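A quick write-up on the structure given underneath.
The values are calculated or read from the model by the stated rules, or taken from the named source; none is laboratory data. Model, not experiment: these values are computed from the prediction. We place every Cβ from the backbone using ideal geometry, glycine too, and count neighbours over all the protein chains shown. The protein model used for the area step is the full one, side chains on, heavy atoms only, and it has no ligands, DNA or RNA in it. Shrake-Rupley method; radii C 1.70, N 1.55, O 1.52, S 1.80 Å.
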Amino acid sequence: MKTKINLLLLSLITVFGGFLASCDDDKDGVAEAVIGSSRSIEFPAQNTAPVMVVIVSDGNWHCDAPEWLTVTPNSGGAGTTDVLISAAENYRDGIDLPRKCTLKFMGETKRSIFEVLVRQAGDKFRDIKPSTIAEADKMEEESAVEFVDLPVMTSTKNGFVGTDGTDLVYVTGDAAQAQPGQLVTMLGTIEKSDVMLTVVQCDKIDGVKTGDVPAITAVDITKNIDQYKSDKRSFIKVTGVYDGSKLKVNGSSLSVSVEDCNKDVDLSKFGGHLLTLTGVYSGTASPVVRMIVTDVEDLGANETIYFQSRFEVIWARFADWVKSGSSTNMDAMGTDNSGVYLPNIGTPKVDGVSALDVLTENGWIINGGGNETGLGTGCNFQKFYLKMGSSNKQNSATLPAIAEFGDGITGVQVSFDWCPWRDGTSADKKAYDPTQIVLIVKGSGSTTQFPIENPAPAAGEQLKWYSVNVDLGTLKVDKDTRIEIRNIDDQYLPNGAKSGKFRWFLNNIKVYKEKE
C-alpha cells in the first residue's frame with residue numbers, strides 16, 4: 001500500500017510542477033493550486049477506518065468538514081501533506097440514513113479547490129413516507145421513494161409503467177416484476193435520465209394485489225412532434241412508418257425511438273408498416289423523440305403489393321408428393337438437405353398435370369437445363385420453395401407479367417429469400433456451391449441486371465434463408481415488363497447449361513412499392 005501511495009505521490013508532484021512554475025510569489029503564501037490523490041471515498045455505516053488522501057499544494061490551504069467527518073490535519077502549507085479522513089458510525093437507534101458530502105481542500109482561486117466526494121452507507125428507506133408520482137418527480141437523484149398500491153399500466157421488457165390516472169412513472173430494475181392490473185407497494189431510488197426525466201430504480205416490491213388501473217388519455221403529437229416537449233412523463237401517441245428501428249413521421253424532422261416496449265409486443269414484426277405507437281414520453285434528444293411503448297396499432301404495410309408468391313400453387317396441388325422428411329422442412333429452412341424428397345417440377349403429375357404445368361398456367365417461365373423453352377429440367381420443388389439447378393444444369397425463374405404496373409411506374413422493389421446449395425449434411429463439412437445469381441428486368445427494349453450478393457455460408461454451416469431486397473429505383477416498369485431471377489451469365493450461358501454445380505433455393509418472392 002505504501003508503495004502505491006508513493007507512486008501516486010510522485011505522479012501528483014510531477015503534474016503539480018507545472019502549477020508551481022506559473023505561480024506568483026506575492027499571494028501571502030495562500031495556495032493557488034491544490035490537488036489530491038483521490039476524488040471519492042466510501043465508508044461503511046459501522047466499523048469505519050480512516051482513509052488517507054495525499055494533498056499537494058503550492059501554498060496554504062484549509063478544509064471544512066461536517067460534524068460526522070474528521071479531517072486531520074484540516075489545514076496545511078506548501079508541499080505534500082498526508083491527510084486522514086475519518087467518519088463517525090452512522091447509527092441512531094439502528095442504521096441511520098445514508099450520508100454524503102463534498103470536502104473542499106481550498107486555497108484562494110478556483111484552481112486551488114480540490115473536491116473529494118465522501119459517502120457513508122446507511123438505510124435509505126428509514127423513516128420513509130409514501131409518495132405520489134408527482135412528488136417523486138420533484139425529488140432529487142438518489143432520493144428514496146415509496147409507492148403504496150401503485151397501479152401498473154404496462155409490463156415492459158425492462159420494468160413497468162405505473163399511473164394514478166394523471167401522472168406516469170417508469171420503474172426499472174431486476175426487482176421491477178409486475179403485471180398489468182396489479183397494485184404494487186414498492187421501495188425504489190430516484191434516478192434522472194440524460195434529459196432529466198424521473199426513472200425509479202426498483203429496490204423491493206413489498207406487496208401485490210389486484211385492482212383497477214385508472215384510465216389516462218394519450219395526446220396525439222403526430223402533427224407537432226417537432227415542437228413537442230414535456231418536463232415530465234406524459235402519455236402520447238404518434239403515427240408513422242416503422243423502418244425496423246425508428247418510427248418516421250411524414251413531414252417531420254424528428255422520428256420516434258423506442259426506449260422500452262410492452263413485453264408482449266414484438267416490434268420486429270412491423271418493419272415497413274404504418275403504426276400508431278402509444279406510450280410514455282421519455283424525452284427529446286434530436287433527432288428523436290424517445291418513447292416507452294405501451295400499445296401498438298398496426299395500420300398495415302406501408303406498401304402496395306403487386307405480386308407475391310411462396311409457390312403455394314404447387315403445394316395446393318402436390319401436397320401428397322412433398323415430404324417434409326425427418327431431417328428438414330425447407331419452409332423453415334433449418335438443418336440438412338439429406339433425406340429431403342425433391343421431385344422434379346416436370347415429372348410427378350396429378351390428373352395429368354405437373355408442377356411445371358401449374359406454374360406455366362399461372363404465368364411463370366421456368367427455363368434452363370440446356371434449353372430456353374420453359375421445360376425447367378433440373379428444377380425441383382418442395383413445400384413453398386424451388387430448388388434451382390442440378391449438376392451441370394442451371395435454371396431461371398421468370399415471374400408472371402404484372403398487369404397492375406399499367407403503362408409504367410417507378411420506385412418498385414423486389415424481395416425474395418434464397419440460399420446456395422451444398423452436398424451432404426452439416427457434419428460432412430462440405431463447401432457450399434459458389435452460386436451467384438442476378439435479378440434481371442426486361443422491358444421496353446432494354447435489359448437491366450441487378451447482381452445479388454452471395455452470403456458465402458461457411459462449409460458445414462446449416463441451411464437457412466437469406467433475405468434480399470432489390471430497389472429498382474428510377475427504372476420504369478410496365479404491364480409488359482418481365483422480372484427474372486437466375487444464375488449470373490458466367491454460370492448460366494449458353495442456354496442454361498454450364499459445367500459445374502451452381503445450385504440454389506428460391507422462396508417468398510414479393511414485388512411492391514412503398515406508399516408515399
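Does the stretch 83-99 contain any residue that is touching a residue at least 60 places away in the same chain (Cβ under 8 Å) and not aliphatic (A, V, I, L, M)? Even if it seems obvious, please write down each step before you answer.
Filtering the stretch 83-99 for residues touching a residue at least 60 places away in the same chain (Cβ under 8 Å) gives none.
Checked against the condition, which is being touching a residue at least 60 places away in the same chain (Cβ under 8 Å) and not aliphatic (A, V, I, L, M), the stretch 83-99 yields no hits at all.
With of a type outside the set (A, V, I, L, M, F, W, C), on the phi > 0 side of the Ramachandran plot and open to solvent by 20 Å² or more (accessible area, probe 1.4 Å) as the only criterion, which of G378, G389, G406 stands out? Please lay out each step first, then the result.
Details: G378 fails: open to solvent by 20 Å² or more (accessible area, probe 1.4 Å); G389 fails: open to solvent by 20 Å² or more (accessible area, probe 1.4 Å).
From the options G378, G389, G406, the qualifying one is G406.
In the stretch 121-164, which residue that is over 19 Å from D96 (Cβ atoms) and among the aromatic types (F, W, Y) is surrounded by the fewest Cβ atoms within 10 Å (Cβ to Cβ)?
If we take residues in the stretch 121-164 being over 19 Å from D96 (Cβ atoms) and among the aromatic types (F, W, Y), then F147 is surrounded by the fewest Cβ atoms within 10 Å (Cβ to Cβ).
Considering each residue of the stretch 144-158, count those that are in a loop (DSSP other than H, G, I, E, B) and either charged (D, E, K, R) or at pLDDT below 95 (or both), and give that number.
1
Being modelled with pLDDT under 95 and either touching a Lys or Arg at 6+ places or on another chain (Cβ under 9 Å) or not hydrophobic (A, V, I, L, M, F, W, C) (or both) is the filter here; which residues of the stretch 267-278 pass it?
Correct list: S268, K269, G271, G272, H273, L274.
Report yes if some residue within the stretch 351-359 is buried (at least 17 other Cβ atoms within 10 Å of the Cβ) and under 20 Å from N487 (Cα atoms); otherwise report no.
First, pick out the residues of the stretch 351-359 that are buried (at least 17 other Cβ atoms within 10 Å of the Cβ): 354-356, 358-359.
Now restrict to residues that are under 20 Å from N487 (Cα atoms): 356, 359.
Looking through the stretch 351-359, at least one residue is buried (at least 17 other Cβ atoms within 10 Å of the Cβ) and under 20 Å from N487 (Cα atoms).
Kindly indicate the residue of the stretch 445-487 that is closer than 15 Å to M388 by Cβ and in a loop (DSSP other than H, G, I, E, B) and also least open to solvent (accessible area, probe 1.4 Å) among those meeting that condition.
L463
For (1) under 14 Å from M106 (Cβ atoms); (2) surrounded by 13 or more Cβ atoms within 10 Å (Cβ to Cβ); (3) touching a residue at least 40 places away in the same chain (Cβ under 8 Å), each residue gets a yes or a no:
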{"site": "S38", "(1), (2), (3)": "no, yes, yes"}
{"site": "P44", "(1), (2), (3)": "no, yes, yes"}
{"site": "T48", "(1), (2), (3)": "no, yes, yes"}
{"site": "I55", "(1), (2), (3)": "yes, yes, yes"}
{"site": "G59", "(1), (2), (3)": "yes, yes, yes"}
{"site": "C63", "(1), (2), (3)": "yes, yes, yes"}
{"site": "E67", "(1), (2), (3)": "no, no, no"}
{"site": "V71", "(1), (2), (3)": "yes, yes, no"}
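Sort through D93, D82 and tell me the only one that's more than 30 Å from T210 (Cα to Cα), open to solvent by 50 Å² or more (accessible area, probe 1.4 Å), of a type in the set (D, E) and modelled with pLDDT of 95 or more.
Checking each option against the conditions leaves just D82.
Does K442 satisfy the condition of being assigned to a strand (DSSP E or B) and of a type in the set (K, R)?
Values: assigned to a strand (DSSP E or B): yes; of a type in the set (K, R): yes.
Yes: the conditions hold for K442.
V118: open to solvent by less than 40 Å² (accessible area, probe 1.4 Å), in a strand (DSSP E or B), under 28 Å from V195 (Cβ atoms) and in contact (Cβ under 8 Å) with a residue 40 or more places away in the chain, yes or no?
In short, no.
Looking only at the stretch 488-501, count how many residues are touching a strand residue (DSSP E or B) at 6+ places or on another chain (Cβ under 6 Å) and open to solvent by less than 30 Å² (accessible area, probe 1.4 Å).
Matching residues across the stretch 488-501 total 2.
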